[in-house]
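The values are calculated or read from the model by the stated rules, or taken from the named source; none is laboratory data. Note that the coordinates shown come from a computational prediction; the quantities given were computed from them, not determined experimentally. Cβ atoms come from the backbone with ideal geometry, glycine included; neighbour counts cover every protein chain shown. Please note that ligands, DNA and RNA were not included when accessible areas were found on the heavy atoms of the full protein model with its side chains. Shrake-Rupley method; radii C 1.70, N 1.55, O 1.52, S 1.80 Å.
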Amino acid sequence: MKKILGLDLGTNSIGWAVVNAAESEAEKSSIIKLGVRVNPLTVDEQTNFEKGKPITTNATRTLKRRR
């Protein structure tokens with residue numbers, strides 16, 4: 001049996017799971033733990049999103065650092 005850490009990196013959340021993966025037909029796979037960390041939108045980001053402007057304040061800061 002081997003343990004696997006799975007990550008789902010989204011724009012506003014990070015999901016994770018630790019599973020026991022079966023290596024033979026005699027073993028059975030199982031989930032050990034799982035969870036999610038949600039990064040909620042700020043009020044300004046929510047307002048912009050509702051207006052159809054998907055750029056977040058973090059994206060704007062990131063663009064400035066790249067120059």
Open item on the list: Residues that are without any contact (Cβ under 8 Å) to a residue 12 or more places away in the chain and among the aliphatic types (A, V, I, L, M): does region 34-41 have at least one?
Closed with: no
Task: Qualifying positions in region 3-22 - open to solvent by 100 Å² or more (accessible area, probe 1.4 Å) and in a strand (DSSP E or B) - done: Lys3, Leu5, Leu7, Asp8, Leu9
Task: Subset of region 23-43 [more than 11 Å from Lys3 (Cα to Cα) and surrounded by 11 or more Cβ atoms within 10 Å (Cβ to Cβ)] - done: Glu27, Leu34, Val36, Asn39, Leu41, Thr42
Task: Residues located in region 23-56, provided they are modelled with pLDDT of 80 or more, part of a loop (DSSP other than H, G, I, E, B) and within 18 Å of the chain's Cα centre (by Cα) - done: Asn39, Pro40
